[in-house]
Amino acid sequence: MLKKMVDELQNYKGKSRTACPSPAEWENAFEDAENIFCVPITSGLSGSYNAARVAKDSYEEEFPGRRVSIIDTLSAGPELQLIIEKIKEQITLGKTFEEINKVVNEYKEKNWTFIHVGFHEKLSK
């Protein structure tokens, strides 16, 4: 199955693209939570991070006392999952919102995941 997917990607002649969630979609995802940790892909590759920041500002203005942390993951790969796991770990340890932010920001600065893509043409189109 994986080989079939890779073959299809290598043979695809169209343009690759992604869709960025709007600020309203981010706000809807925040629902009615008191403390939110939002983990979008890197700000360097997508407008998702910036849309989430706009949603954060609007959400916190609409609901004073609620807090949203938008974490620039500096990644579009497996590091997102590692950051989410670090957040879950800190919540389980009973850390405060501020403590979790500090730990996660230190963690993301110290950890790097390297990925090798076998066919680079699709990344540049």
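Read the figures in this text as sums done on the coordinates, not as results from a lab. In this text the structure is predicted, and so the values were computed from the model without any measurement.
A few comments on the model shown:
- Across the stretch 61-75, computed HN-Hα scalar couplings (Karplus, 6.51 cos²θ - 1.76 cosθ + 1.60, θ = phi - 60°) run 6, 6, 10, x, x, 8, 10, 10, 10, 9, 9, 6, 5, 6, 8 Hz from first to last residue, x flagging Gly and Pro.
- Between amide H atoms placed 1.01 Å from N, distances below 5 Å from I36 occur with R67, V68, S69, all of them 5 or more places distant or on a separate chain.
- Couplings for the stretch 38-52, taken from phi via the Karplus curve 6.51 cos²θ - 1.76 cosθ + 1.60 with θ = phi - 60°, read 9, 10, x, 5, 3, 5, x, 10, 8, x, 4, 4, 5, 4, 5 Hz in order; Gly and Pro are left as x.
- Distance violations [Cα-Cα > 32 Å] among K56/K108; K15/K110; K15/K102; K4/K110; K56/K110: K15/K110; K15/K102; K4/K110
- Pairwise centroid distance, computed over Cα atoms, of the stretch 31-54 with the stretch 57-108, Å: 10 Å
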